[in-house]
Each structure stands twice: as structure tokens, then as C-alpha cells.
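K.L.:
Could you have a look at this structure, given as C-alpha cells, before my questions?
The values are calculated or read from the model by the stated rules, or taken from the named source; none is laboratory data. None of these values were measured; they are calculated from a predicted model. Cβ sites come from the backbone with ideal geometry, for glycine too, and all protein chains shown count toward neighbours.
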Protein chains: 6
Amino acid sequence: MTPVSRSGDRASHALRPVRITRHFTMHAEGAVLIEFGNTRVLCTATVEEKVPPHQRGSGKGWVTAEYGMLPRATHKRSEREAAKGKQTGRTQEIQRLIGRSLRAVFDLELLGERSIVLDCDVLQADGGTRTAAITGAWVAAQDAVSSLMARGVLTRSPIRDAVAAVSVGVVQGQPLLDLDYGEDSACDTDMNVVMTGAGDFVEVQGTAEGAAFSRSEMDALLDLAQAGIAELVRLQRSALLD
Amino acid sequence: MTPVSRSGDRASHALRPVRITRHFTMHAEGAVLIEFGNTRVLCTATVEEKVPPHQRGSGKGWVTAEYGMLPRATHKRSEREAAKGKQTGRTQEIQRLIGRSLRAVFDLELLGERSIVLDCDVLQADGGTRTAAITGAWVAAQDAVSSLMARGVLTRSPIRDAVAAVSVGVVQGQPLLDLDYGEDSACDTDMNVVMTGAGDFVEVQGTAEGAAFSRSEMDALLDLAQAGIAELVRLQRSALLD
Amino acid sequence: MTPVSRSGDRASHALRPVRITRHFTMHAEGAVLIEFGNTRVLCTATVEEKVPPHQRGSGKGWVTAEYGMLPRATHKRSEREAAKGKQTGRTQEIQRLIGRSLRAVFDLELLGERSIVLDCDVLQADGGTRTAAITGAWVAAQDAVSSLMARGVLTRSPIRDAVAAVSVGVVQGQPLLDLDYGEDSACDTDMNVVMTGAGDFVEVQGTAEGAAFSRSEMDALLDLAQAGIAELVRLQRSALLD
Amino acid sequence: MTPVSRSGDRASHALRPVRITRHFTMHAEGAVLIEFGNTRVLCTATVEEKVPPHQRGSGKGWVTAEYGMLPRATHKRSEREAAKGKQTGRTQEIQRLIGRSLRAVFDLELLGERSIVLDCDVLQADGGTRTAAITGAWVAAQDAVSSLMARGVLTRSPIRDAVAAVSVGVVQGQPLLDLDYGEDSACDTDMNVVMTGAGDFVEVQGTAEGAAFSRSEMDALLDLAQAGIAELVRLQRSALLD
Amino acid sequence: MTPVSRSGDRASHALRPVRITRHFTMHAEGAVLIEFGNTRVLCTATVEEKVPPHQRGSGKGWVTAEYGMLPRATHKRSEREAAKGKQTGRTQEIQRLIGRSLRAVFDLELLGERSIVLDCDVLQADGGTRTAAITGAWVAAQDAVSSLMARGVLTRSPIRDAVAAVSVGVVQGQPLLDLDYGEDSACDTDMNVVMTGAGDFVEVQGTAEGAAFSRSEMDALLDLAQAGIAELVRLQRSALLD
Amino acid sequence: MTPVSRSGDRASHALRPVRITRHFTMHAEGAVLIEFGNTRVLCTATVEEKVPPHQRGSGKGWVTAEYGMLPRATHKRSEREAAKGKQTGRTQEIQRLIGRSLRAVFDLELLGERSIVLDCDVLQADGGTRTAAITGAWVAAQDAVSSLMARGVLTRSPIRDAVAAVSVGVVQGQPLLDLDYGEDSACDTDMNVVMTGAGDFVEVQGTAEGAAFSRSEMDALLDLAQAGIAELVRLQRSALLD
């Protein structure tokens, strides 16, 4: 099988260039601009000394996420959700996914009865915004936790492990890592995988856009994702050293 | 490892008793009550001679789904979404999943410029409502297509294959098929799997509720789901023969 | 005047076959499926240990109702209210009517500072859904109260009398009891009557759909309703003996 | 039985002083301020050369109503519905009632494919706002129809008869006509009656607020309403002569 | 330059006839009908013994305003905001302006932890509704404060000065005071000016509808407004003497 | 009077450092990041080949704006408007102001029946976001128009002049140009001024936050704004030369 030709001669198992810029804005406890190629997501982490009703009085904290896309982050302008008066089903799915992914590596008891709110806003979209958001939000969450520790509010970090995410998919019969928008539009199967630094799965969401996919395709996609996420975790950790 | 004790001495790889009652109500083109143990979902299929804007003039049809739960389908009464004025994120995720799953086996060109709307309303919930809904909705869709063929509107069925779904999960370290509510609340990992009659994947949605899950756990879950769905497809086909 | 011909050779003063099935679902304190011919409404009663703000601290309880129709309970699919984001004026009128009707026979002081919520969901509609809902909701409320008494929460029943309802109308000049959908669409005057077991009026809502109606027509309709409701109260009481 | 003492020594079968002021505002085709004692409702009639979707192409017109209350029309300020973002169930019930009542005396075919919108806004409330609104709206509709005839748009009036409304109720066991706010708050049974100039019923809406009411009480209330509405129709006609 | 001809031969620096009717309705603590020519706005002031969250526990009160227009206050019927389910941007701008203007002359500490709510509802519109509303609301607020002082709740008035407002604009190159609807539609520049009794500015909102305006035009408009508002303050004070 | 001490030793009549970065994102026809000190607003211009209903068939185009703030653009996180389901009154006021300001320099006839949508999203807020948005949006609009001319869609530019905006205010009795957040919070009077390149006024919106302001203060503020805007127009033009 001739390999699918990817933009920039990228190999099928290669990530796009990833850039992580901390302190991108000045007010938030964590403020990370993450770029996967042309996809750019601003992830801020806010500490709030309150928890949602279901956690009140439990001694435990909460981690939640909100996701948005600037209207002209995309090729064609999309309607502003605030103007329409509601978030789409897609937006809600994504922000629930980001929240669950981050909570998977948080010890909510150690966090104490406070919240970390992760706002992931897409400035420019070129595929993989939700996986970039998870990967960037974890770095922002680290900065927020560091500020709590620096202020003496926490003595131990409630973050037990890294978490990062990547998309994989089958395009023209070939499994590819980290799809850009063009590849995503052309793919038969699209899967978002979220894993911990230890290499375990937090979320797997695979969808057959066109033809249903076989078990062996699934295995190949999981292999790609596993290697890609390991690389992303290295990049997250290296960004935190700067 | 001692096997987890399941209600009714169910084996870890066994489905709950499944019942499929067609023509449960009188007005819809397809009207199926599906039961997975105590979970009861009414799935109706409505044919509408119109399509949403994005399909107009394309010559192609559309298949979509809506999902609801009666307020007292659950242990504790849940607020009525119509009264609150909006559907929860959970509801939207589920109805998008049902719609995608059904479209995966539909030839929209053969359907022609008309819609099939699948309404899945949970009368009683005991775990696995979304997978029961997909499984029942396919039977209702078959009845709706049969009515179109009987009326001479269609000469060939646009349904290319069966589609069915089941949940699987890891409870106390043990992979189980078709979780009931108690098992679902206790599980570490919960996965919903949608497959075709041919045995390919349409959707895989796995979430670590507690601990992240390993690749070998994932493989075990996929094995369980594959066998369970094959059994469900047999039950769907047998119901259509009555 | 030639009598109007009714489906199933029903006499002008005859109810449709009425069936009351208790314990139709498993979670609610009361769960009644009531059928007036082809009209089928699921009425559940939920006990909640709280009251709305206007009753707090009063020592008195509250009884309220919500009403819904499954989208395909009707000949043509109606839009799902949860998806539209609001309940229609019709839905609100009906649920306010059900609530007032039930409260008319409740001693809210004896109920104590707790609520009974009656959810009336139409599975299949063929005329008279609101009157079936009131009639069924009363049976469900009885079961909920019995559960409170069985648990020793209440020692005396706060239900002072039965309440039931029926529609009457003038079709082609002839007063008829318990209109089905076809009759309802054809009638000039439509009246919903709610009465107690003692034979007093709780609500009378008459509307001239076509020609205005005379005082003597009104008297004939009230006579029909009175006899029909007496029969319904007998059926309610007999269902509670099973 | 000692007669209930009414404000201003009003007899049990007497209306409050009724005043009908036409041309109260300058822009609308009909603009009537109607007063029943201290209750003051501004009723405007607007002619629009369009009909709602369900009437398009039918050659028939439409008559509809909207109802509102200024926030401080009442003793205690009520929240502004526009600010809350929705109309209460009560508002919707009332505006549906006004619309049905006016349509009952309109020949929609003669009206032609245009609409008359009746806006009934309560400037000051002291009981009976919905019945005052119906009574005033009919006068405003007459003025709107007259303007259409004066302009030669219509050659025959589509209004077949008068329509007016009044409330009646049982207070301390005594049937009373045209309840003011204090009487309405104290009454056991409250009934709104809408009748034509010919003396037939358009709507009867009776509700037992406290004790259920007997058939003989109902008869007494209907007698009171019948006489009161006959008087209101005389006042409407006399106002139109000015 | 030939002077623009104004309705009623009004001079360019003349107000329309202004009428202020106190106690126009009976329930509110202040209830003023203000008329600027054909523009008629009902301004009620309500005292509430509570403050919004941002003032709770501060010992300070709050003054706020809501604005509405009856659907047929205008030439063409405008949609009812309560029916649409939201207030337009224009409505929100106006009610925020009225609230700020009134607060500018209130000593919130002297008011104590209570609110005055000013409801400004336009019964008839002919230009300048927001400036009439501010001018009338101040008189209603005075009446509300007087009632608090009469009841002994306040011993000193929290109102430090008068506040009134007027519109000015450039029509066909000529600066005019107090534009009516026809002039407003024709003007190039429209400015709303709010000033205190002492002659200082509270708000200046100028908008070039057509051509941008020069500094000298601005100066001329401010001169006109200053004189017009001084006259309005005299009228407010004289109304309070009645 | 001792001059107020400003951050960075800024003079009372000095702008903060202004930076204009074109092509900040890749999809929009115009995409400008504008910075006034720490205030950073992303302004994108989108060309759409359609106009709103009120312009259809007129041969004229439309220019409109939407405004948003990322939740953590501010010191304290503000609630996401899309999640709340509505835009605040403040947001609506600002986006209406931006739209009017841009339309003031557009020849809508020359634009032809198409729209330019200006999305102004605040990434970081430190006072003056609305005036930065107007100033940046004009540059983005220029880029969008240039793209239309480059593609031959337009032969003459519909932009007649520059438009830019700045805030001015009185802090501790001293008139200051271009307030940052700290100054804005402390000021007695705050005025936003929008002017054309030719030096005429498009909008003047002055508000006394604390004490009302005198005519001479107003004159001083207008002088400051005039000079500041002239400087901003030079910076806009210079950015377009890059």
C-alpha cells in the first residue's frame, strides 16, 4: 500500500510540531497556549475556593472544564454560541471529556474543597482541538497547583500522573497519528485516545465515520496512540521545566 | 479471583434476559419496546417526507434520534428536561450516539430524500439504556422501512446490515458483559460498544470512572462485547420473524 | 335525531373500556398505567421530603403534577418539548389542571411538609389524555400514600375523597360521553369535568370550538359527566382492591 | 343567610362601575381602556396583513391575543416576564382564552387572509383582569374592523356577534357577580364565563379553590353570569355609539 | 439657513408640552404618568426591603430600573418581549441608562439596605421615551421616598438632587431640542443628555446616525440640552408641589 | 494639582503602548491582534455573501460586530456567556457600539449586498477593551476589503475614512487619556469617544460613575480624546503599510 501523503511529508506515526507556551496571558493561575501544527488552543486554569453542590461538605475538590471556539477559528465562520444562547451538543461532549480526563489523574481529597476550572478556547482550528485541549489543560493545571503550593495552601500535589491525548484515524485504509483537519474530513474512522503518563487508558472514543472498522484496525490505532501520547507526555514535562 | 456475584447468578459473559416487543404502540411506523432485564426503552420510528437543511436537494435521506427518560424511570425522580427548558449534556451525547450508530448501517441514497426519526424513551432504567436504545431502534427502523416497501415507496431496503450495542465494564477487576445499574455504579471502567451484524465496530466509548485501564483489560472487554452483540443481532433478527 | 355512530357501537353515555394497571414500573411509589380505549397514560407518584418555597415552614405539604406526551404518541410526530426548550401553553394548562384537581381532595396539613409529584406521560393518545391522567394520577397518589402509611410516616391518610375526570362534548348536535380523538376533532363543544367521589365539581372547563352552546346543552353535558365520573370512581376503587 | 358585605355596598348581582374609553392611545387601529372598578386594562387591536403558518393559503384570517401585566399593576410588584425570559403558565392560559373567545364570534373567511392581534395589558389589577380584557378586546376589535371597512378593505363585517365575559364565585356560601381582588382571594369557587350577545356560552371555566361545588351552586353562578354579561354587552354597544 | 419646520410651530429650543400626573395608578409607592407631547410613559417606583447580592450586608441600598414598551405603543406593532423570551439589546441599554441616572443622585447609604425599583413602561411612543422615562422616574422615586419618610422608615431623604433628561439632535444641519419621532428618524446626530438639578452632566450619549458631527455641533447640542433640562427640573419640582 | 501617578510614568495625555499585529490567525479575511498596554483583543473580519433580512434586496451591504471575553481574560474568572445561555447587557451594548462605529465609515452601497462580520474577542483585559476593539476592527475590515478588491469582487473601497476610539476619564479631578483597569475603577467620569480620521465625532458616551461632571471637564476630556484618536489613526495607517 502506498503511504498516504501527509502535509509536510509527515510520517504516518509522527505528531505535528507541538509547541507549549506557558504564561500566555497574565491573570490566570495557569495560562497555556498549546499548538499542534496550526491548531492553537488557549488553556487557562482558575482556582476557585468553592465546589459545586454535589461536593459541598465532602472535603473533596472538583476539576471541571469548559470549551469554546472563537467564531472565526475555522475556515467558515461558525455562529457564536453566546449569541445563539446555547452550547452545541458537540461543545458539551468535548468539555465533559476534558473534565473527566483531568479528574482521572487528580486526587480530589488532596485538592481539598476547592475547584480548578479549565477553560479551553480554540483560537485557530486545524483538527484535533479536543486532544490538544486536554494536553494543554494538564500543563495549565500543573501551574495552578504549583501556585497553590507556592502560597502554602497545599503541601502535596493532588496531581497523581500526567494525562495527554491524541487523535488517530484510518485514512484510505492507513492508520495515521494526529490527524489534521484535511485528514479528519477524509477519514473512515476517527478515534480520540486519552492516556496517563503510566500508559493506561482514560478514554477511548472511536467512531466509524464511513465504513465500520475491524478489530485489527482498532489494534493498530491503539498502538499509534500509545506511542504518540508517550511523546506528548515528554513534551508536557519538558515545558514544565522551562 | 473469585467471580463477582451477579444478580440472578448471571455469568460474567451473559446478557440479561432480552425481550423485544414490536407494535407496542399504534401510531408509529415502527414501535418497539426493548427490555434488557429491568431496563425498558420504547423506541419508535417515524418516517417524515423531509430532510434537515444540510441534506436538502442532495437526493439523500437522513436518520436521526432523540432520547429521553421519563422523570421517574429512575430510583430517584430526575427533573423533567422539558420543564427545565433544556436537555442535559448526557442526553445530547446519547442521542447523537444513537443517530450515528443507525446511520452507519443506512444507505442514505437508497432511502431517498426523507427522514427516519428514532425516538428512544426510557420507561424504566436499570443500566444500559443507551445500548438497549440502539438495539431496539434498529428493529423499529426495520419496521419503518418495511412499511415504506409495503407501500411501494422504496423497492430496495436502505438498511445494509444490523447494528446493536452493549455495555461492558470492569468490576472488582473482572470484565463483565451488560452491566445493570448496580454494577455500573460500582465499576472502574465502563465501555459502550456498537457493532454491525458483520462484526465490525461502529463506536467504542470507554471511560475510566476510577482507575485507568490497561491494554489487556481493553482487549478482554472488546471480546466480551463482540460475543454479546452477536447474540443481540440474533435476537433482533428473530424478533423480526414474528 | 339519528344517534351519532360511535366506534365499537358505543352508546352516547358509555365510557370506552377503562383499564387501570398498578405497579406498571418499579421505582416510583405509585406507578399506574391507565387506558381509556386506545389512550394510554403512565402516571407515577413520587414522594419528596421537601416542599416548594411558598409552603416552606408552613407545616403543610404540596401536590403537583407534570404532563408530557411522547413525540410519537400521536398520529403525526410532535416535536419533543425538551428539544424545543419549552413546554407549550397546552402542556402547562394541562399540568396545572391535574395539580389543582388532585390538591382538591388532599388535606395538605395531614400530608405534612412533603410533596407528591405526579408525572403523567402519554404513551399513546386517542383523545381524553388529560382526564385519563387525572383519573390515573389519583390511583398512583393512593399507592404513594399507602407506602407512606406502611412505613409509618403517616398515620392517617391525607386523601379525603376520590377525584376523577372525563370529557364530554356535543357532536352533530348530540351530547356524548368520553370523546375519542375522532369525535373530539369533530365536536362543536368540548368540556372537561373533574368531580369528587362525593359528586361535587372540582373543575369545569367548557369551550365552544365551533358554535356557542346553549344552557340546555350545558345541562345535558353535566348530566353525562356526572354519571361517567361516578363509574370511573367505582373503577378506581376496584383497582385499589387488587 | 346574611348577605356578604361588598365594597361600596354592591349587591351580589351587581357589576362594578364599568367604563370603556375608546381611542385611549393613538397608533393602534383599536385602542380601548376598559375599567371594571379599579381594574384597568388597555386593549389594542392591530391589523396585520399576514397570517400564521397554519392559515397560509387558506383564504382565512386569524384572531389572536397576547396578555401582560405591568410589574406594578398589583399590590406587590411581580417580576417582569420579559426580564425572566418567559411567560408564566397563567399568562399563557389567559391569552389563549382571550384568543379563543374572540375567534368564537369572528367569521375568519370574511376577515380574509389577515390577522387581528389583540394586546391586553393590565395597567392596574383588582380582580377580573381576564374577563375585562375579553370585554374590552371585543370593542377594540370592532374599531379595527370599522377602520378596515372605512378604508374599503372589507365590505361586510366579519364580526357575527358580541362577546363579553365576567367572573362569578361563591364567597362564604353566597354566589356573587364580578369579584374584586379581595373577594377573589376569599372565594371557594371561582368561575369565568364568556358568552355571546345572543346569550350562548363560549367558555365556562370553573375551579373549586377550596371546597368542591354542588350542581345547584353551579346553576346559581351561571344565572348570575348570564345577567351580568347581558349588561356588559349593552355597555359595549353603547360605547361604540359614542 | 431656513429654520426646520417643526410640528406645532415649535421653536428649535422649545420642549414639547410636558405633563406630569402623579398617582396615576393606585398600588405603587410612586406612580407617575409623564408626557412629552405624544410620548407617554408610566413610571412606577416600588420599595423592596431587600437588595441584590452585590449589596447584601453593605448597609447600602440599591436603585434599579426596568423598561418596556407595550407592543402597540408604536406605529407598527413590535413583538412582545415576554413572548419572544428575551429583552432586546436596546431595552437593556435603556434600562441600564435609567438605573445609572437615578443612582447618580441617590445616597445609597442613607437609603439603607433596601431597593427602589423603577418600572418605566411606554404606553405611547413618539420619540424621546428614554429621556421621558428618566425625568418621570425621578418624580416617582421622590414619591416613594416621601412614603418612606411619612412612615418613619427614613428620617433624611437619600435623594441629593434632581435628575432629568432630554434628547437633542441635528436635523438638516440645525440643532433641535427634544426630538419627536419624525425628527428622530430624520436626524444625522442624536444625543441623549442626562443632567442634575445643579447643572452637571450624568450621561452624554451621542451617536452619528448619518454624517459624523463636528465639535461645534456638539457644543450647540450641549447648550440646548442644558437649557431644556433646567426647564424640566422646574416642571418636576412644580409637579411635586401639587 | 499634583499629577496623578500613572503606571510606567505615563503622562496624562499619553496612550499606552499600542501594537497592531495583522494576520494573527490564518482563516479569517482580516485577523488583527490589537494591544493597548496589557489589553489584548483579537479582531477578525469575515466576509459573508448574504445580508440580514432588513437589507435583503436593497443592493446594500451590512457591517456588524460581535464581542466576547474569554472567561479568564479578567482578574477574576467571569462566567462563560455561552454556558449561561445569554449575553449580558454590557456585551450587547459593546457589540452594538462597535457595529455602529464601523458602519459610520462604510458606504454600504459600494459594499454591495454582502456582510462584514467583526468578531472582537478579548484575550486579556486591562481596561479599554471596547475602544481597542473598534480600533482593531477597522484594521481587520481594511484587510477584508483588500481581499475583496484583490479578488476583483470590489473595484472601489467602500471604506470612506478611518475610525478609531479611546477612553478618557477624570481621576482624582484630573483628565486622563486611555485609562487602564486600575484607573477605570477609580475614576469619577468615564467617557468613550469614537472619531473618524477626519476628526469628527461618531459616538460620545460619557458616564458619571461617581460625581457628575461639569461642562469644563467635558471639554477637557474631548480635547484629550481628539488628540489620542489622531495618534491611533496614524498607528492604524502605519500598520496597514507593513
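K.L.:
Take B:R103 and tell me if it is out of contact with any helix residue (DSSP H, G or I) (no Cβ under 9 Å at 6 or more places or on another chain) and closer than 20 Å to A:G89 by Cα.
P.N.:
yes
K.L.:
What single numbered condition from (1) buried (at least 21 other Cβ atoms within 10 Å of the Cβ); (2) at the interface with another protein chain (Cβ under 10 Å from one of its Cβ atoms); (3) not in a helix (DSSP H, G or I) fails to hold for A:M218?
P.N.:
Unmet condition: (3).
K.L.:
Identify the residue in region A:51-74 that is in contact (Cβ under 8 Å) with a residue 12 or more places away in the chain and more than 30 Å from A:L110 (Cα to Cα) and, among all such residues, is surrounded by the fewest Cβ atoms within 10 Å (Cβ to Cβ).
P.N.:
Once the filter is applied, the top-ranked residue is A:T74.
K.L.:
Applying the selection to region A:108-145, what residues are among the polar types (S, T, N, Q), under 22 Å from A:E49 (Cβ atoms) and within 14 Å of chain F (Cβ to nearest Cβ)?
P.N.:
A:S115
K.L.:
So, one more: How many of the residues making up region C:75-104 are of a type in the set (K, R), in contact with a Ser or Thr (Cβ under 7 Å, 6 or more places away or on another chain) and in contact (Cβ under 8 Å) with a residue 24 or more places away in the chain? Before you say what the answer is, go through the steps one by one.
P.N.:
Going through region C:75-104, the residues of a type in the set (K, R) turn out to be C:76-77, C:80, C:84, C:86, C:90, C:96, C:100, C:103.
If we keep only those that are in contact with a Ser or Thr (Cβ under 7 Å, 6 or more places away or on another chain) as well, we get C:77, C:100.
When the remaining residues are screened for being in contact (Cβ under 8 Å) with a residue 24 or more places away in the chain, the result is C:100.
Going through region C:75-104 one residue at a time, the tally reaches 1.
K.L.:
Looking at (1) touching a Ser or Thr at 6+ places or on another chain (Cβ under 6 Å); (2) within 21 Å of D:T91 (Cα to Cα), which is the only condition D:A212 fails?
P.N.:
Every listed condition holds for D:A212 apart from (2).
K.L.:
Do you know which of the residues in region E:163-179 that are touching a residue at least 60 places away in the same chain (Cβ under 8 Å) and among the polar types (S, T, N, Q) is farthest from E:Q226 (Cα to Cα)?
P.N.:
From region E:163-179, those touching a residue at least 60 places away in the same chain (Cβ under 8 Å) are E:163-166, E:168, E:171-178; that's our starting set.
Those left that are additionally among the polar types (S, T, N, Q): E:172, E:174.
Details: E:Q172: 21, E:Q174: 17 Å.
Out of the qualifying residues, it is E:Q172.
K.L.:
Moving on. For region E:194-227, how many residues are touching a strand residue (DSSP E or B) at 6+ places or on another chain (Cβ under 7 Å) and touching a residue at least 60 places away in the same chain (Cβ under 8 Å)?
P.N.:
Total meeting the criteria: 6.
K.L.:
Give region A:167-193 a look and list any residue that's more than 9 Å from chain B (Cβ to nearest Cβ), aliphatic (A, V, I, L, M) and assigned to a strand (DSSP E or B), or say none.
P.N.:
So in region A:167-193, the residues more than 9 Å from chain B (Cβ to nearest Cβ) come out as A:167-188, A:190, A:192-193.
Among the residues that remain, those that are also aliphatic (A, V, I, L, M) are: A:168, A:170-171, A:176-177, A:179, A:186, A:193.
Hits for region A:167-193 are A:V168, A:V170, A:V171, A:L176, A:L177, A:V193.
K.L.:
Taking C:S238 and the conditions (1) among the hydroxyl-bearing types (S, T, Y); (2) more than 20 Å from C:S7 (Cβ to Cβ); (3) touching a residue at least 40 places away in the same chain (Cβ under 8 Å); (4) more than 11 Å from chain D (Cβ to nearest Cβ), which numbered condition does it fall short on, given that it satisfies the others?
P.N.:
(3)
K.L.:
Let me ask something else. Return the residues of region A:160-180 that are surrounded by fewer than 21 Cβ atoms within 10 Å (Cβ to Cβ) and either at pLDDT 95 or above or among the basic types (K, R) (or both); say none if nothing qualifies.
P.N.:
Just the residues of region A:160-180 that are surrounded by fewer than 21 Cβ atoms within 10 Å (Cβ to Cβ), to begin with: A:160-161, A:171-174.
Selection gives A:R160, A:D161.
K.L.:
Something else: Scan region F:43-72 residue by residue and report those that are within 30 Å of A:F24 (Cβ to Cβ) and in contact with a helix residue (DSSP H, G or I) (Cβ under 8 Å, 6 or more places away or on another chain).
P.N.:
Matches in region F:43-72: F:C43, F:T44, F:A45, F:T46, F:V47, F:T64, F:A65, F:E66, F:Y67, F:G68, F:M69.
K.L.:
Confirm whether D:T44 is closer than 18 Å to E:K76 by Cβ, without any contact (Cβ under 8 Å) to a residue 60 or more places away in the chain and among the polar types (S, T, N, Q). Show your work before the answer.
P.N.:
Details: closer than 18 Å to E:K76 by Cβ: yes; without any contact (Cβ under 8 Å) to a residue 60 or more places away in the chain: no; among the polar types (S, T, N, Q): yes.
Criteria not met by D:T44.
K.L.:
Then there's this: Name the single residue that is farthest from A:T207 (Cα to Cα) among those in region B:183-222 being in contact with a Phe, Trp or Tyr (Cβ under 8 Å, 6 or more places away or on another chain) and hydroxyl-bearing (S, T, Y).
P.N.:
B:S214
K.L.:
Could you check how many residues of region E:183-198 are small (G, A, S) and modelled with pLDDT of 95 or more? Please lay out each step first, then the result.
P.N.:
Filtering region E:183-198 for residues small (G, A, S) gives E:185-186, E:197-198.
Subset that is modelled with pLDDT of 95 or more: E:197-198.
Of the residues in that region, 2 qualify.
K.L.:
When you scan region F:200-207, do you find a residue that is away from every other protein chain (no Cβ under 13 Å) and either among the small types (G, A, S) or touching a Lys or Arg at 6+ places or on another chain (Cβ under 9 Å) (or both), even just one?
P.N.:
no
K.L.:
Given (1) surrounded by fewer than 24 Cβ atoms within 10 Å (Cβ to Cβ); (2) in contact (Cβ under 8 Å) with a residue 60 or more places away in the chain, identify the lone condition not met by E:G136.
P.N.:
Checking E:G136 against (1) surrounded by fewer than 24 Cβ atoms within 10 Å (Cβ to Cβ); (2) in contact (Cβ under 8 Å) with a residue 60 or more places away in the chain, the one that fails is (1).
K.L.:
Quick check: is even one residue across region C:55-76 closer than 25 Å to B:K76 by Cβ, modelled with pLDDT under 95 and hydroxyl-bearing (S, T, Y)?
P.N.:
Yes, region C:55-76 contains at least one residue that is closer than 25 Å to B:K76 by Cβ, modelled with pLDDT under 95 and hydroxyl-bearing (S, T, Y).
K.L.:
Where the second residue is of a type in the set (K, R) and part of a strand (DSSP E or B) and the first is within 18 Å of A:L97 (Cα to Cα) and lies in region A:111-127, which pairs have Cβ atoms under 8 Å and are six or more apart or on separate chains?
P.N.:
Partner pairs satisfying both residue conditions: A:V122/A:R40.
K.L.:
Looking at C:T46, C:T21, which is the one that is over 30 Å from D:Q95 (Cα atoms) and within 11 Å of chain B (Cβ to nearest Cβ)?
P.N.:
Answer to the selection: C:T46.
K.L.:
Go through region E:12-50 and report how many residues are basic (K, R), surrounded by 15 or more Cβ atoms within 10 Å (Cβ to Cβ) and closer than 21 Å to E:A150 by Cα.
P.N.:
Residues in region E:12-50 being basic (K, R), surrounded by 15 or more Cβ atoms within 10 Å (Cβ to Cβ) and closer than 21 Å to E:A150 by Cα: 1 in total.
K.L.:
Name the one entry in C:A141, C:A150 that is crowded, with 17+ Cβ neighbours inside 10 Å and modelled with pLDDT of 95 or more.
P.N.:
After applying the criteria, what remains is C:A141.
K.L.:
On the basis of being in a loop (DSSP other than H, G, I, E, B) and at positive phi, does C:G199 make the cut?
P.N.:
Spelling it out, C:G199 is indeed in a loop (DSSP other than H, G, I, E, B) and at positive phi.
K.L.:
If I ask for residues that are more than 9 Å from every other protein chain (Cβ to nearest Cβ) and farther than 29 Å from E:G99 by Cα, which ones from region F:80-107 would you list?
P.N.:
F:F106, F:D107
K.L.:
Let me ask you something else. Can you spot a residue in region C:142-162 that is part of a strand (DSSP E or B) and either in contact (Cβ under 8 Å) with a residue 24 or more places away in the chain or at negative phi (or both)? Can you show your working first?
P.N.:
Of the residues in region C:142-162, the ones part of a strand (DSSP E or B) are C:159.
Still in the list and also either in contact (Cβ under 8 Å) with a residue 24 or more places away in the chain or at negative phi (or both): C:159.
So far as region C:142-162 goes, yes, one or more of its residues are part of a strand (DSSP E or B) and either in contact (Cβ under 8 Å) with a residue 24 or more places away in the chain or at negative phi (or both).
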